[in-house]
Structures are given as C-alpha cells and as structure tokens.
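Here's the structure, in structure tokens; my notes come after.
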Amino acid sequence: MRTADFNRKTKETDVKLSLNLDGGEIEINTGIGFFDHMLNSFAVHGGFGLKVNVVGDLNVDDHHTIEDTGIVLGLAFNEALGDKGSIERFASFYVPMDEALAFASVDISGRPFLIFDADFPQEKCGDYTSAMTVEFMRAFAYNAGITLHIKSMYGNNSHHIIEAIYKAVAHSLKLAVKQNNSGVPLSTKGVL
C-alpha cells in the first residue's frame, strides 16, 4: 500500500498526518477553517485518504501552521511513493471555479522546484491569509521532491482562485501517481 504516517513537532506546531495515495478516510483539523476546506478539497479531488491534525501557534498568525502542514504532507507524499516506479510521473490539469481558472502541472521527478504565478484580490479568506498559498505549495513541492508549476489564469475572488489552485494540483497529482504496471520508473536514467 502507498501510505505514510508522519508526526512533526516544533516549538511552533505539532503536525500529525496520515496519507494514503489510493484513497481512504478524510479527517482534517488545522484550526483554520478555510485551510481545512482546501485540504479536504485536495484529498477529495486527488482521490487520497488524508488525516491531518495540527496544533499551531495561531495566536501569532497562520503562517507556521500552513507551511508546516505543507512540509509534512510533502514528506508523507514522498515516502508513500517509495522508489516512484510504475507511476505515470507527469500530469497537468485545469480547474475552473466560477470566474476563476487555475492550471497545475507536475513532474514527480525527485527534483524539487516550484513556479507559482497567482495574484489574490482579497488578502484573507476567513482566517487564511491568501499569500500563504504559495508558502504551502513551496513547502509541499520541496519536501515531496516534485516539480510543480501553478498558474492562476484569471479570477477576481480569492476564494475561487485558491480553491481552483488546490483542486488543479490535486487532479494533476492524481494522474501523475496513477500506476502503470511497468515496474520501472519512467526515466531514461532508470531511476528518479
């Protein structure tokens, strides 16, 4: 089974996370309602089983909670994939959300990189700072060891833009982790 469990405790956050790339229960509690909504959307649209419980220093702000969740989700994603053999590796996806349209493209390569191109008209969605979207995606991509390109094509509602981004990333990952039964990594080098 392609699963991973991670606990990471610092002076700022305590993150407990379980991931199953092939589906399962979804339980999200980060203390940030909109972020819970985004992680739930990520799991549902990716077809992932995901349990996340975070106790963070929300008395400071939402930065550490969101970024550290991205770190742990990335570590779990990388571990659940193992040697990355027998997966499709590459995928891209567009997601419309009302007036907003987002695009994501992924290469599960072992080479972490992020290109992020999005602007958010509203600074906050509930208690979630819109600018934390790039911080989450960077933490996730670098710790998962993936190349991730994200672009908001257009939109004028930050909620719609951010949700379209999370869903586009989830659908890209769902396609990229799909098993192809080849038994070998999709690479001319023979390894990823």
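The values are calculated or read from the model by the stated rules, or taken from the named source; none is laboratory data. This structure is a prediction, so every number in the text was calculated from the model and none was measured. Methodologically, a virtual Cβ is constructed for each residue, glycine included, from the backbone with ideal geometry; neighbour enumeration extends over all protein chains shown.
Every condition in (1) in contact with a strand residue (DSSP E or B) (Cβ under 7 Å, 6 or more places away or on another chain); (2) within 16 Å of residue 178 (Cβ to Cβ); (3) at pLDDT 95 or above holds for residue 39 except the one numbered (2).
Let's see how each residue does on (1) over 19 Å from residue 150 (Cβ atoms); (2) β-branched (Val, Ile, Thr); (3) under 12 Å from the mean Cα position of the chain (by Cα):
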{"residue": "48", "(1), (2), (3)": "no, no, yes"}
{"residue": "74", "(1), (2), (3)": "no, no, yes"}
{"residue": "104", "(1), (2), (3)": "no, no, yes"}
{"residue": "108", "(1), (2), (3)": "no, yes, no"}
{"residue": "112", "(1), (2), (3)": "no, no, no"}
{"residue": "126", "(1), (2), (3)": "yes, no, no"}
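State yes or no: is residue 17 more than 15 Å from residue 145 (Cα to Cα) and in a loop (DSSP other than H, G, I, E, B)? Taking the combined requirement at face value, the residue does not satisfy it.
Hey, does the stretch 156-170 have a residue that's modelled with pLDDT of 95 or more, over 16 Å from the mean Cα position of the chain (by Cα) and either assigned to a loop (DSSP other than H, G, I, E, B) or surrounded by fewer than 18 Cβ atoms within 10 Å (Cβ to Cβ) (or both)? The answer is yes, given that some residue of the stretch 156-170 is modelled with pLDDT of 95 or more, over 16 Å from the mean Cα position of the chain (by Cα) and either assigned to a loop (DSSP other than H, G, I, E, B) or surrounded by fewer than 18 Cβ atoms within 10 Å (Cβ to Cβ) (or both). Among residues of the stretch 1-29 that are in contact (Cβ under 8 Å) with a residue 24 or more places away in the chain, those with a Cβ under 6 angstrom from a residue that is assigned to a strand (DSSP E or B) and of a type in the set (Gly, Ala, Ser), sequence gap 6+ or separate chain, pair up as 5/18; 13/56; 19/4; 20/49; 23/49; 24/49; 25/49. Selection of the stretch 20-59 for residues being among the aromatic types (Phe, Trp, Tyr) and part of a helix (DSSP H, G or I) yields 34, 35, 42.
Condition check for residue 11 on (1) assigned to a helix (DSSP H, G or I); (2) out of contact with any helix residue (DSSP H, G or I) (no Cβ under 8 Å at 6 or more places or on another chain): one failure, at (1). Residue 96 satisfies every condition listed in (1) over 16 Å from residue 39 (Cα atoms); (2) of a type outside the set (D, E, K, R); (3) crowded, with 20+ Cβ neighbours inside 10 Å except (3).
Checked across the stretch 132-152, the condition of being under 16 Å from residue 35 (Cα atoms), surrounded by fewer than 23 Cβ atoms within 10 Å (Cβ to Cβ) and polar (S, T, N, Q) holds for no residue.
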